[in-house]
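Here the structure comes first, spelled out in C-alpha cells, and everything after it is commentary.
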Amino acid sequence: MSILIINIKELIQVRENNVTIVKGPDMKTLPTIKNAYLIIEHDTIVEYGPMSDYVDYQAEEVIDAKGKMVLPAWCDSHTHIVYAGDRSQEFVDRINGLSYEEIAERGGGILNSAEVLQNTSEEDLYQQSLKRLNRVMQLGTGAVEIKSGYGLTVEAELKMLRVIKRLKKESLATIKTTLLAAHAVPKEFKDNKKGFVDLVVAEMIPEVAQSKLADYIDVFCEKGYFDLEDTERILTAGKEYGLIPKIHVNQFNAFGGVALAVKHKALSVDHLEEMRAEDIEALKNSTTMPVALPSCSYFLSIPYSPARQIIDAGLPLALATDYNPGSTPSGNMNFVVSTACIKLRMTPEEAMNAATINGAYAMGISNQYGSICRGKKANLIITKEIESYNNLPYAFGDNLIDKVIISGKVLD
Ligand code: NIG
Ligand code: FE
C-alpha cells in the first residue's frame, strides 16, 4: 500500500533522524516545510519535500491536502486506558465537596476501580479498553503507553497486562506497557504495606518480567501510597528484571522522588504538579524526561506543572493525557496541547514538541516516532483547513483533525 499526500499547506515537525529529544530553548522551534508533499509506503514515511521538488510518483491512494497541515500523530506516554467501569459517582462526590484524597481514604478511588476490574472478565475488559483506544486514535494519537495498576493482585494485574498485549497485537497503534503494581495499597494489606511491597518484589515483578508482559516499571510515589523506601525497593527489583522506571511522582507532595528516579535512570518522571528547586536540579544532566499531565490538573483542580520553570532551566518536557477513570477521564491529546498553552504558558511550538518527539522519547521510541522523517513510522494527523498551526491549541475543545493515518493506514 502506498499513499501520496500533495499540496500540504505546511508539513510540521520535520526533523533529522538523529533528533530524538528537544530541550530548553530548542523547544521553541518547530521545523516545517510549506507547500509540501509526503509519500508513505506500507507503514513508513519514505519521502517528503517541497512541492517544487516533487517528481511524479504512482501511489495507490492520493490525498490532496490543499489548505491543510500534516503533523506527526500524538505520542501519549502516560495512560491507564485499561480499566473497568467508570468513577462518575466520585466525580459528583467531588463536586459536592469531597476531595480526591478523602474519597481514596474512604476506600474509593483506585481501590474502587480495582474491585470493579477484579470482577470484570478479561474479554469485557478488552472490549471496554479497545473502545477507548480507538477513540483516542480518532483524536490523533498513534503511539501510547498503557499501565497496569488497577489489579492489585497478581492474578488481576496479569489480566490487565494480557489485555494490553492483545490490544498491542490487534490495534494499529503502537503500545508500550508499564507494570504499575504499586498503585495503591490493597485493602487486605491495609496494615501491612510492607507485605504488599514484598509481594510486588517477590512475585509480581518476576512473573510479569518472565512472561515479557511489560517494558517499564512504575510506582505511585506519594504520601499515603508508596514512600521513598518502597519506591527504591520496587525500582531496584524492576531493574534486576530489565524493567526501566517511569514513575508517578510529585503529584500532591514533593519529597525527593524525582532525585530517586534520576538515580535509578528513570526514562520519565510524570505528574510534577509540585516541584521544588532541587527537583529541577536533579533533572539537569540526566536522561530522565519530565512529563506534565495538564488534564489531570484541570480535572482535579490541582496546580499545573511548572512547565516554564522546567523548560527555562534548559530541560526537556513531554505532555501526556494520564487517561484514567479517577483523575483524568479523557484521552484527548488535543485538549492537553491546548491546556499546556493556556495554563502552563507553553508556546504552541513547545507544546507540539512535547506531545510528539518528547512524548515518543518518554516511551523509548523516539527513533521511530514523533517527527516527520524518512524511515519513521507513518503515524500522521491531517488537519482541516486552518490558517496556522497556532489554531490547533487556540481553538481549544474543537476538533480540527480531518484524517488520522496510523501505521500507514487512513482510519475510517
Ligand atoms: O496518574 N496518581 C495515580 N494514578 C492515577 C490516578 C488513579 C486513579 O484515580 O484511578 C493518576 O492520576
Ligand atoms: Fe497516571
Helices (runs of 4 or more DSSP H) wholly inside the range 213-285 containing at least 2 residues that are under 21 Å from G359 (Cα atoms), assigned by TED's automatic domain parsing to the domain that holds M160 and at pLDDT 95 or above: 257-263, 277-283
First in the range 105-122 and over 15 Å from G224 (Cβ atoms), second anywhere and charged (D, E, K, R) and more than 9 Å from ligand 1 (Cβ to nearest atom), Cβ under 7 Å, 6 or more apart: E122/K159; E122/R162
Candidate set from the range 140-157 (those that are among the hydrophobic types (A, V, I, L, M, F, W, C) and more than 16 Å from ligand 2 (Cβ to nearest atom)); member that is farthest from Y225 (Cα to Cα): A143
Checklist (1) within 16 Å of ligand 2 (Cβ to nearest atom); (2) outside any loop (DSSP other than H, G, I, E, B); (3) touching a strand residue (DSSP E or B) at 6+ places or on another chain (Cβ under 7 Å) applied to M160, failing item: (3)
Residue ID - farthest from ligand 1 (Cβ to nearest atom), chosen from residues in the range 289-309 that are crowded, with 24+ Cβ neighbours inside 10 Å and in a helix (DSSP H, G or I): A307
Residue, farthest from ligand 1 (Cβ to nearest atom), within the range 88-107, restricted to residues that are of a type outside the set (S, T, Y) and within 13 Å of S301 (Cα to Cα): G97
Single condition I381 does not satisfy, out of (1) assigned by TED's automatic domain parsing to the domain that holds A254; (2) outside any loop (DSSP other than H, G, I, E, B): (1)
Residue among G326, G331 that alone is in contact with a His (Cβ under 9 Å, 6 or more places away or on another chain), assigned by TED's automatic domain parsing to the domain that holds G142 and under 25 Å from Y100 (Cβ atoms): G326
Whichever residue in the range 104-127 is of a type in the set (S, T, N, Q) and not in a loop (DSSP other than H, G, I, E, B) and, among such residues, is surrounded by the fewest Cβ atoms within 10 Å (Cβ to Cβ): Q127
Residues satisfying the stated conditions in the range 25-37, i.e. surrounded by fewer than 15 Cβ atoms within 10 Å (Cβ to Cβ) and either outside any loop (DSSP other than H, G, I, E, B) or of a type in the set (V, I, T) (or both): P25, K28, T29, K34
In the range 250-274, the residues that are more than 24 Å from T20 (Cα to Cα) and within 16 Å of ligand 1 (Cβ to nearest atom): N250, Q251, F252, N253, A254, F255, G257, E273, E274
Among residues of the range 143-171, those that are more than 16 Å from ligand 1 (Cβ to nearest atom) and out of contact with any Leu (no Cβ under 8 Å at 6 or more places or on another chain), counted: 6
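Do we have any residue at all in the range 317-333 that's under 19 Å from F396 (Cβ atoms) and acidic (D, E)? Give the derivation first.
From the range 317-333, those under 19 Å from F396 (Cβ atoms) are 319-323, 328-333; that's our starting set.
Imposing the further condition that a residue be acidic (D, E) reduces the set to 322.
Looking for residues that are under 19 Å from F396 (Cβ atoms) and acidic (D, E), one finds at least one in the range 317-333, hence yes.
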Search result, residues across the range 317-338 that are surrounded by fewer than 24 Cβ atoms within 10 Å (Cβ to Cβ) and more than 10 Å from ligand 1 (Cβ to nearest atom): S330, N332, N334, F335, S338
Answer residue from the range 240-249, given it is surrounded by fewer than 20 Cβ atoms within 10 Å (Cβ to Cβ) and within 24 Å of A184 (Cβ to Cβ) and is nearest to ligand 1 (Cβ to nearest atom) among those: I244
Qualifying residue in the range 135-142 (condition: closer than 23 Å to A184 by Cα, hydrophobic (A, V, I, L, M, F, W, C), assigned by TED's automatic domain parsing to the domain that holds I175 and under 22 Å from the mean Cα position of the chain (by Cα)): no
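If I ask for residues that are outside any helix (DSSP H, G or I), more than 16 Å from ligand 2 (Cβ to nearest atom) and charged (D, E, K, R), which ones from the range 312-354 would you list?
Answer for the range 312-354, where residues must be outside any helix (DSSP H, G or I), more than 16 Å from ligand 2 (Cβ to nearest atom) and charged (D, E, K, R): just R345.
For (1) surrounded by fewer than 20 Cβ atoms within 10 Å (Cβ to Cβ); (2) of a type in the set (G, A, S); (3) part of a strand (DSSP E or B); (4) not assigned by TED's automatic domain parsing to the domain that holds E123, each residue gets a yes or a no:
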| residue | (1), (2), (3), (4) |
| --- | --- |
| K9 | no, no, yes, yes |
| I39 | no, no, yes, yes |
| I45 | no, no, yes, yes |
| S52 | yes, yes, no, yes |
| K66 | yes, no, no, yes |
| M69 | no, no, yes, yes |
| A84 | no, yes, no, no |
| L98 | yes, no, no, no |
| E102 | yes, no, no, no |
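This table checks each residue for (1) in contact with a Leu (Cβ under 8 Å, 6 or more places away or on another chain); (2) farther than 24 Å from L172 by Cβ.
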position: K9; (1), (2): no, yes
position: V22; (1), (2): no, yes
position: I45; (1), (2): yes, no
position: A65; (1), (2): no, no
position: K68; (1), (2): no, no
position: P72; (1), (2): yes, no
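The values are calculated or read from the model by the stated rules, or taken from the named source; none is laboratory data. Keep in mind that what you see is a predicted model, and the values were worked out from it rather than measured. Virtual Cβ from ideal backbone geometry, glycine too; neighbours counted across all protein chains shown.
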